[in-house]
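Peer 1: I'd like to ask you about the structure that follows.
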């Protein structure tokens, strides 16, 4: 579903990604972790063309992200993205937030888009809040709306960029529960996260990055049981003892 081949990226003279190569199969859940500044978010944003890259290639469902011929807005409409901050339109109701992209990008009729949005709102446990505005919801609720909005586009894959890092601890689980449910339903997912409990629960593979490079790419049991690199061992020892 997603093939990343020898991808490198620079900001001016500073190299943020170095020769990154990995693949995500259909229905696979891959967690990308590593210290701050390791290139995790940059890599995931390259997958749907939000960040350009200077060398290598990324193929999503047979389409080259780096090709100048690729219609990136069309590709992005098929790859759901959930950000650290919810990016909801504050002046629109939750229902309208869910319907807007369906109408503008997919060309759905308004009543059809709203019906789809409400069904997904119910799926993330928020149907009672359809008429509210984002500012009237908690952070965890807003993030669940953001997930529902991405799902409303019928994506072939979902990308999550630290979806719980801006939330209060009590709200993290309500978002992770929705992600766990998606994983169990077979959604192809790439998740940048520090939530190692989530990784242990649903990830098929864990990618560990440091200084812009993929240091480890292993199945989760291997990664948590016996990480090969000293860097990953040090990272895990710091975050798993708490």
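Peer 1: If each DSSP helix of 4+ residues adds -39,500 (n - 2.57) and the sum is divided by the residues in the chain, what number results at 222 nm, nearest 500 deg cm²/dmol?
Peer 2: -11500 deg cm²/dmol
Peer 1: Let me know the shape class of the stretch 91-138, please: from the alpha-carbon gyration tensor, a ≥ b ≥ c as square roots of the eigenvalues, rounded when a/c is under 1.5, otherwise prolate if a/b is greater than b/c, or oblate.
Peer 2: oblate
Peer 1: Wrap a convex hull around the Cα atoms of the stretch 97-193, take a quarter of its surface area, and give that in square nanometres.
Peer 2: 6.2 nm²
Peer 1: Counting only C-alpha contacts under 8 Å and six or more residues apart, can you give the relative contact order of the chain as a whole percent?
Peer 2: Relative contact order comes out at 27 percent.
Peer 1: Using only alpha carbon positions, build the gyration tensor of the stretch 1-117, then give the equivalent ellipsoid semi-axes as the square roots of 5 times its eigenvalues, largest first, whole angstrom.
Peer 2: Those come to 30, 17, 14 Å.
Peer 1: Let me ask something else about it. In cubic angstrom, how much convex hull volume per residue do the alpha carbon atoms of the stretch 9-70 span?
Peer 2: In the stretch 9-70, the Cα convex hull volume per residue is 93 Å³.
Peer 1: At q = 0.15, 0.17, 0.23, 0.30 Å⁻¹, work out log10 I(q)/I(0) for the stretch 156-210 with the Debye formula, treating every Cα as an identical point scatterer and leaving solvent out; two decimals please.
Peer 2: Treating every Cα as an identical point scatterer, log10 I(q)/I(0) equals -0.40, -0.51, -0.95, -1.51.
Peer 1: Here's another thing I want to ask about it. How would the chain be classified by its alpha-carbon gyration tensor: rounded, prolate or oblate, with rounded meaning a/c under 1.5 and the a/b versus b/c comparison settling the rest?
Peer 2: In terms of gyration-tensor shape, oblate.
Peer 1: Treating the stretch 175-242 as a set of equal point scatterers at the Cα positions, no solvent, please give the Debye-formula log₁₀ I(q)/I(0) at q = 0.17, 0.19 Å⁻¹.
Peer 2: -0.62, -0.77
Peer 1: So in the chain, what percent of DSSP beta bridges are antiparallel if you round to the nearest 5?
Peer 2: In the chain, DSSP labels about 55 percent of beta bridges as antiparallel.
Peer 1: Something else about it: Roughly how far apart, in whole Å, are the Cα centres of the stretch 199-221 and the stretch 49-78?
Peer 2: When both Cα centres are located, 23 Å separates them.
We did not get these values from a lab; they are worked out from the coordinates using the rules stated. Quick caveat, the model's predicted, so the values are computed rather than measured.
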